[in-house]
Amino acid sequence: MIKEWFAGTPRLWVRAPVPIVFCPGCQHASALKILCELVDEMGIEGDTILMAGVGCSTMSAMLVDFDAGITAHGRPCDAASAVKRILGEKTVMVTWQGDGDAFAIGTEPTLHAAARGEKITTIMVNNGNYGTTGGQLAPTTIMGQVTTTSPEGRAEPQGYPIAVAELLANLRGVAYSARGALTSAANYQRTKRYMKTALQKQIDGVGYSFLEILSTCPPNWGLSPLDSIKWIEEKMIPEFPLGEFKNVDRIA
Amino acid sequence: MGERILVQGNEAIGRGALAADCRAFFGYPITPQNEVIEWFAREFPKHGRVFLQSASETGSINMLTGGAMTGVRAMTSTSSPGWALMQEGLSNLTTAELPCVIVEVQRGWNTTRHSQTTYKSATTGGGFGDYRTIVLAPDSVQELHDLLQLAFYLADKYRNPVVMLSDAILGQMMEILELKTLDFGPLPEKDWALKGKAAHKDGKKRFTPIAYGMIPTQRHPTLISFLESYKNKIKEMEKEVRYATDQLEDAELILVAFGYVARVCQEAMLRSRAKGFKVGMIRPITLWPFPTQIIKEKAATEADFLVVEDNLGQMVDDVRVAVEGRAQPHLLSCLARHLPGEEGAIYPEAVVEKIENLLKERGK
């Protein structure tokens, strides 16, 4: 299925059903490729439904070749909770979101879906700013980071970034919470392992599962793709460490 | 005849939802519709249906969006401040062409009591889009139950959300309800619904974006093709006009009212008739589409109109448009309530007095 589109970059634009609007050097598509690989490998194509919100993440709903919906900005977890409860445990429900979608405007639905222990999986692609709208301050913008709405760099007036994976790990309804990056082949494989675990937690009916993926945003960061990867390693990972923050087989 | 029970208006909504085979309810507590969500919380799980309490009315409407995407019948209910919060979601439901039902148990201003202040936002599309929704206005416990079933039918027929406008008084009052399942005829299959590819006959992906037009799809390749199709949908929905009339034949003054105020006007009309005043009544059951034609026809008979509504004057604008300058639409608004506090309501006495003054004036 998706492999036809994503197996090699020349085929990316040839086979996609809509224009690809991911910018050169953006890792959003790589993150989505992991999901598509896993859907194939786990044999869940027929039961998987993706729910996207608004932002660069919206593209995901158009690109995947399984059922997908697009909700209001920030609201995939609301819609996904409803879909899962109506269709039942056989359905694998994935919300695909950016950091602004999941944890600025979407704080309420994401937090409450996690607290309710909804059997859904949220993938939050964190690029530290609002990509689609031109690089404004996000809840995940790190201290000192220049954005179009923190032109002097994030400081005390804007407050402090939210470490979403750690925060959600504190909630009882959460079965799994982790953060990965795509800065190296090793990190790519590790992130894929995290995502597989997250999906498996849902399939096993344990509870809510969450994966944050650090991702580049070269045009808005004003960096080349390679420098963007270096920036993640040097600046973002110290603020947002990689790893699993919660991994349980039973909600207690 | 179906089973007859004594029941509160807010509960009749739940009974109607069961009869309509509604499968999912999403809601958030707000006075005066708390009995609605409490009924669903109590009864829906017993019937193997989904009840989910949201974290806000914004949450309710977006859960409803997800629920509607699966193709099952789903609904929410709220009261006016919550209704305001739902407007973005309602706009999205129309552009996503998702059928569902929203019940608005109106309260007034920042009080927790009754009003009819949602008329404009419900009938003109209160959100950000260029959309319309059919708005049903029951005036009894029985109609809350029956029109809710009609609401689901119309939603499915047009792939568009339908709004039912109740109010605090209808919601709280108790009347005899005859339980019955209404059959409105066949409906198209929901082949577009999200269920997972394995469940689709053709094995192909289904896609339900909230932004048809922005994203090219098979159904709507361009924005203009979406807008043309939506315009046609509005035209079709405009044919769903429903209204009730009473004693119009010789009427010199015609009352126009909906919801609880229609019950008040019914009483006022009978009292005035008993005194020999020639009063009739038109009660819009659909607030959108508005029963323009009947009002236009009656305006040609030189009857005058008295619009009675528990707000500062909203429906009166639609009556003004309908009469096309042929008659004078008068207004009796919330300012005629019997008490100045939030507990005040429009009583028959105020309507009778206005009727008599207008007809005496007319006789001169």
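Descriptive notes on the structure:
- Residue list for segment B:236-271, restricted to those being under 30 Å from residue B:8 (Cβ atoms), in a helix (DSSP H, G or I) and either touching a residue at least 12 places away in the same chain (Cβ under 8 Å) or not assigned by TED's automatic domain parsing to the domain that holds residue B:312 (or both): B:259, B:260, B:261, B:262, B:263, B:264, B:265, B:266, B:267, B:268, B:269, B:271
- Strands (runs of 3 or more DSSP E) wholly inside segment B:4-57 that include at least 3 residues being within 14 Å of chain A (Cβ to nearest Cβ): B:24-27, B:50-53
- Residue check for residue A:53: at pLDDT 95 or above and either surrounded by fewer than 21 Cβ atoms within 10 Å (Cβ to Cβ) or away from every other protein chain (no Cβ under 12 Å) (or both): no
Conditions (1) part of a helix (DSSP H, G or I); (2) farther than 23 Å from residue B:95 by Cα; (3) at pLDDT 95 or above, marked per residue:
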| residue | (1), (2), (3) |
| --- | --- |
| A:72 | no, no, yes |
| A:77 | yes, no, yes |
| A:82 | yes, no, yes |
| A:89 | no, yes, yes |
| A:97 | no, no, yes |
| A:113 | yes, yes, yes |
| A:117 | no, yes, yes |
| A:124 | no, yes, yes |
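- The helices (runs of 4 or more DSSP H) falling completely within segment A:136-252 that include 1 or more residues that are basic (Lys, Arg) and farther than 16 Å from residue A:126 by Cα map to A:185-203.
- Within segment A:56-70, the residues that satisfy the criterion of being at the interface with another protein chain (Cβ under 7 Å from one of its Cβ atoms) and in a helix (DSSP H, G or I) are A:61, A:62.
- Output for segment B:214-235, where each listed residue is over 22 Å from the mean Cα position of the chain (by Cα), assigned to a helix (DSSP H, G or I) and hydroxyl-bearing (Ser, Thr, Tyr): B:225, B:229
- Taken over segment B:294-317, the criterion of being assigned to a loop (DSSP other than H, G, I, E, B), over 23 Å from residue B:107 (Cα atoms) and in contact (Cβ under 8 Å) with a residue 24 or more places away in the chain is satisfied by B:300, B:302, B:303.
- Across segment B:65-85, the number of residues qualifying as more than 15 Å from the chain's Cα centre (by Cα) and either part of a loop (DSSP other than H, G, I, E, B) or closer than 16 Å to residue B:14 by Cβ (or both) comes to 5.
- Every condition in (1) in a loop (DSSP other than H, G, I, E, B); (2) touching an Asp or Glu at 6+ places or on another chain (Cβ under 7 Å); (3) more than 10 Å from every other protein chain (Cβ to nearest Cβ) is met by residue A:39 except one, and the failing one is (1).
The values are calculated or read from the model by the stated rules, or taken from the named source; none is laboratory data. This is a predicted model, so every value here is computed, not measured. Note: ideal-geometry Cβ built from the backbone for every residue, glycine included; neighbour counts use all protein chains shown.
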